[in-house]
Amino acid sequence: MATVSRGVVLRAFGQPLTLEEAEVPQPEPGALVAEVTYGGVCGTDVHLHHGNLPIPTPVILGHEAVGRVWKLGPGVERDFTGAPLREGDTVAWASGIPCGHCYWCVIERERTLCADRKVYGINQRFDVWPHLSGGWADYVYLQPGSAVFRLPDGVPPEHAIALGCAGPTAVHGVLERIGVGVGETVVVQGSGPVGMAAAMYAHLAGAARVILVGGPASRLDLAREIGVGDVHVDIFATPDPEERIRTVLDETPGRRGADAVLECAGVPAAVAEGFEMARRNGRYLVLGQYTDRGPTAINPHVVTRKQLTVLGSWAFAESHYGRYLRSLPQLASRFALDRLLTTYPLADANRALADVAGGQVMKAVLRPAGAAR
Ligand SMILES: [Zn+2]
Ligand SMILES: [Zn+2]
């Protein structure tokens, strides 16, 4: 008898998501089907729901997820790292499948910039076979070419989903693009999942001091409680940007400014403010501007005068995802990752999305029935 999966479908922008059903396909050679344990809800999902990004519909949302192998397709014996893969193994997978042969994939070797990237939960239509291409479902069909990783031993699925796509995004931006060194002073602008992940990796990379600038207070309290950030600046308690800049500079060696400033706020005005928090000859990373929220005023003289290095970082590739999963035991030994999670039944996806939109929770995750079995 055929197995049927529920999935949370976005049919029309701005309208409530609907719980629909589709038959679970048998995996073709090179593919596998996973039973979803958790599907993460991300700020990007809020923007997708509002129609701020041009995506095809209908689509099952969920670009970040973790699950268990339900059925392996013919020929699938190993995960992306070459480790043996069996039915029942706990796995996570990179959301994107780059084409592997475009200019960006081959010549630039920047697979995150692939012009023809398939992305689970974003651009794979629900009304096109294999239908189940998003993580907000009981089952997800992982196509040939997917970067599927068996979780390292001792890593529970809760840890793998706690940062969602912010984890590998921070690996790419913080560890690979801008780099953080031992003894450095680092400012992180933003205390959502991307800011939390960036601050965690700055700590792990050896920063002497991490100054977390964000809000609301509940998020900063959580950060403090789990040891993320050494100094916390509440943007709501200190609404004047000039005062925030002074407060941050007071916390840097010689009031010279931070060695590196990591923008994880997603607010355009944060960039001009962040330039002022960096030291001369410092580095600035624009990591949080995933949605086009329009232009903002900056003074380019600051970049020249301070001799700033300003970098961007777009999403993540399979390599960053693998590095993120490998780092989970280290992250979990230092930070209580479970504390980030708020769990919802799959049928409550609309409520979870609203809570993420309102900033009520740090990390909302949907739990299909599979997790309880
Ligand atoms: Zn995301
Ligand atoms: Zn490509």
Practice problem: Out of GLU108, GLU28, report the one residue that is within 27 Å of MET1 (Cβ to Cβ), over 22 Å from the mean Cα position of the chain (by Cα) and open to solvent by 30 Å² or more (accessible area, probe 1.4 Å). | Solution: GLU28
Quiz item: Going through the stretch 85-99 one residue at a time, which ones are free of Cβ contacts under 8 Å to residues at least 60 places away in the same chain and farther than 30 Å from ARG11 by Cα?
Solution: ARG86, GLU87, GLY88
Quiz item: Taking the stretch 67-88 as the region of interest, how many residues are acidic (Asp, Glu) and open to solvent by less than 30 Å² (accessible area, probe 1.4 Å)?
Solution: 1
Self-check item: Residues (within 16 Å of ligand 1 (Cβ to nearest atom) and outside any loop (DSSP other than H, G, I, E, B)) located in the stretch 107-120
Solution: THR112, LYS118, VAL119
Quiz item: Quick one: would you say GLY154 is surrounded by fewer than 19 Cβ atoms within 10 Å (Cβ to Cβ), assigned by TED's automatic domain parsing to the domain that holds MET277 and outside any helix (DSSP H, G or I)?
Solution: no
Quiz item: Quick check, is GLY154 over 19 Å from the mean Cα position of the chain (by Cα) and under 22 Å from ARG326 (Cα atoms)?
Solution: yes
Quiz item: Quick one: what pairs do we get from the stretch 188-216, first residue among the charged types (D, E, K, R), second in a loop (DSSP other than H, G, I, E, B) and open to solvent by 10 Å² or more (accessible area, probe 1.4 Å), C-beta under 6 Å, 6+ apart or different chains?
Solution: ARG209/ASP230
Practice problem: Taking the residues in the stretch 36-50 that are hydroxyl-bearing (Ser, Thr, Tyr) and part of a strand (DSSP E or B) as candidates, determine which candidate is farthest from ligand 1 (Cβ to nearest atom). | Solution: THR37
Self-check item: Verdict on TYR321 being assigned by TED's automatic domain parsing to the domain that holds GLY214 and under 16 Å from VAL174 (Cα atoms)
Solution: no
Quiz item: hydroxyl-bearing (Ser, Thr, Tyr) and under 17 Å from LEU325 (Cβ atoms), is that true of THR90?
Solution: yes
Quiz item: Just wondering, is there one or more residues in the stretch 41-51 that are buried (at least 19 other Cβ atoms within 10 Å of the Cβ) and farther than 25 Å from HIS159 by Cβ?
Solution: yes
Self-check item: Hits in the stretch 106-129 (condition: more than 12 Å from ligand 2 (Cβ to nearest atom) and β-branched (Val, Ile, Thr))
Solution: VAL119, ILE122, VAL128
Self-check item: Close pairs from the stretch 358-373: first assigned by TED's automatic domain parsing to the domain that holds CYS42 and on the phi > 0 side of the Ramachandran plot, partner assigned to a loop (DSSP other than H, G, I, E, B) and at pLDDT 90 or above, Cβ under 7 Å, at least 6 apart
Solution: GLY359/PRO216
Practice problem: Hey, can you tell me all the residues within the stretch 92-101 that are near ligand 2 (Cβ under 7 Å from one of its atoms) and closer than 24 Å to ALA34 by Cβ? | Solution: PRO98, CYS99, GLY100
Quiz item: Any chance the stretch 77-85 includes a residue that's in a loop (DSSP other than H, G, I, E, B), within 16 Å of ligand 1 (Cβ to nearest atom) and modelled with pLDDT of 95 or more?
Solution: no
Quiz prompt | All helices (runs of 4 or more DSSP H) inside the stretch 280-358 with 3 or more residues being of a type in the set (Ser, Thr, Tyr) | solution = 318-334
Quiz item: Given the residues TRP104, TRP70, which is the only one that is aromatic (Phe, Trp, Tyr), farther than 23 Å from TYR38 by Cα and either in a strand (DSSP E or B) or more than 16 Å from ligand 1 (Cβ to nearest atom) (or both)?
Solution: TRP104
Practice problem: Report yes if some residue within the stretch 182-198 is touching a Ser or Thr at 6+ places or on another chain (Cβ under 6 Å), open to solvent by 10 Å² or more (accessible area, probe 1.4 Å) and more than 16 Å from ligand 1 (Cβ to nearest atom); otherwise report no. | Solution: no
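The values are calculated or read from the model by the stated rules, or taken from the named source; none is laboratory data. Computed from a predicted model, the values in this text were never measured in an experiment. With ideal geometry, Cβ positions are generated from the backbone for all residues, glycine too; neighbour counts draw on all protein chains shown. These accessible areas exclude ligands, DNA and RNA; they are computed on the full protein's heavy atoms, side chains included. Shrake-Rupley method; radii C 1.70, N 1.55, O 1.52, S 1.80 Å.
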